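Written below as structure tokens is the structure these notes are about.
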Ligand SMILES: [Zn+2]
């Protein structure tokens, strides 16, 4: 897919592309599930908007966007596809401001689009089950994002008492990544052994091999796993080779660092938020997303685990 593709320039081309992606065997009624081509008619003529179908089973009308994150939007479909492409293919994420500048839409519109697209990219953690499994490796690490909590000293107030200003403290994010698989990140108030254990056992299969640094947060929980291997960062060891396998938790470092902008945005939304990072392969990733009536505060980021 290239930026000069007609599906990013023309709304009709975008609609035809989406129809081909969503309905490779002809249109399906999203209201009743009817897929019989004889019982679905295409509404032609100037009175109807292009791409409108009528289901003779349930007598409802629909277009290709019904049931997707593009539904009930007056934004041209080609702009939706372009925004989705940009967000899915930008390794370091994309802000709503960047979308606003590149798409020529207002910031408010771009913010709305970004939320819907992130919603579509979010992994359904409940149905996808835990990361790892027998013979698989899960890396775990924690990171701190944001500004340091400290007093602000105004340069104009020399000799005066410090100007106390409440700064936002750093946000703790615990990340898990399966080698060759998906990554998950969870924002927590404080990273304690109990909190880390709770996140680990909920998100990573105990039959997996766990790779972490030598932080005491993982020592006890690590014993619950099939195997637990660590690297000693304080001794300058960031990777070790054992029986042909490279032991490290560096994938997570790259992942969380490259998308720290997205994380800063995500961690400010709620006190506790589960964030998942998936790799959308194409625009079709957004199609199966749940129907949205309004943007929901959600945080997702895409990164290469
Ligand atoms: Zn129907």
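The values are calculated or read from the model by the stated rules, or taken from the named source; none is laboratory data. Keep in mind that this is a model prediction, so the values were computed, not measured. Note: ideal-geometry Cβ built from the backbone for every residue, glycine included; neighbour counts use all protein chains shown.
Could you tell me whether residue 140 is in contact with a helix residue (DSSP H, G or I) (Cβ under 8 Å, 6 or more places away or on another chain) and closer than 27 Å to residue 12 by Cβ? Spelling it out, it is not the case that residue 140 is in contact with a helix residue (DSSP H, G or I) (Cβ under 8 Å, 6 or more places away or on another chain) and closer than 27 Å to residue 12 by Cβ.
Based on what the data block shows, is residue 74 free of Cβ contacts under 8 Å to residues at least 40 places away in the same chain, closer than 15 Å to residue 15 by Cβ and touching a strand residue (DSSP E or B) at 6+ places or on another chain (Cβ under 7 Å)? So residue 74 fails the test.
Residues considered: 15, 59, 39. Of these, the only one that is within 16 Å of the ligand (Cβ to nearest atom) and surrounded by 14 or more Cβ atoms within 10 Å (Cβ to Cβ) is 39. With the condition kept exactly as written, say whether any residue in region 22-29 is within 16 Å of the ligand (Cβ to nearest atom) and in contact with a strand residue (DSSP E or B) (Cβ under 7 Å, 6 or more places away or on another chain). Yes: one or more hits. Screening the candidates 88, 83 for the property of being buried (at least 16 other Cβ atoms within 10 Å of the Cβ), modelled with pLDDT of 95 or more and more than 16 Å from the ligand (Cβ to nearest atom) yields one hit, 83. Of the candidates 142, 119, the single residue that is surrounded by 14 or more Cβ atoms within 10 Å (Cβ to Cβ), under 30 Å from residue 246 (Cα atoms) and in contact with a strand residue (DSSP E or B) (Cβ under 9 Å, 6 or more places away or on another chain) is 142. Taking helices (runs of 4 or more DSSP H) as the structural unit, those lying wholly within region 179-273 and holding at least 1 residues that are more than 17 Å from residue 142 (Cα to Cα), out of contact with any helix residue (DSSP H, G or I) (no Cβ under 8 Å at 6 or more places or on another chain) and at pLDDT below 85 correspond to 260-267.
Per the listing 49, 72, the residue uniquely surrounded by fewer than 17 Cβ atoms within 10 Å (Cβ to Cβ), closer than 18 Å to residue 116 by Cα and away from the ligand (no atom under 16 Å from the Cβ) is 72. Apart from one condition, residue 67 fits all of (1) within 16 Å of the ligand (Cβ to nearest atom); (2) at pLDDT 95 or above; the exception is (2).
Test residue 4 against the criterion of being farther than 24 Å from residue 119 by Cα and more than 16 Å from the ligand (Cβ to nearest atom), and give yes or no. Yes.
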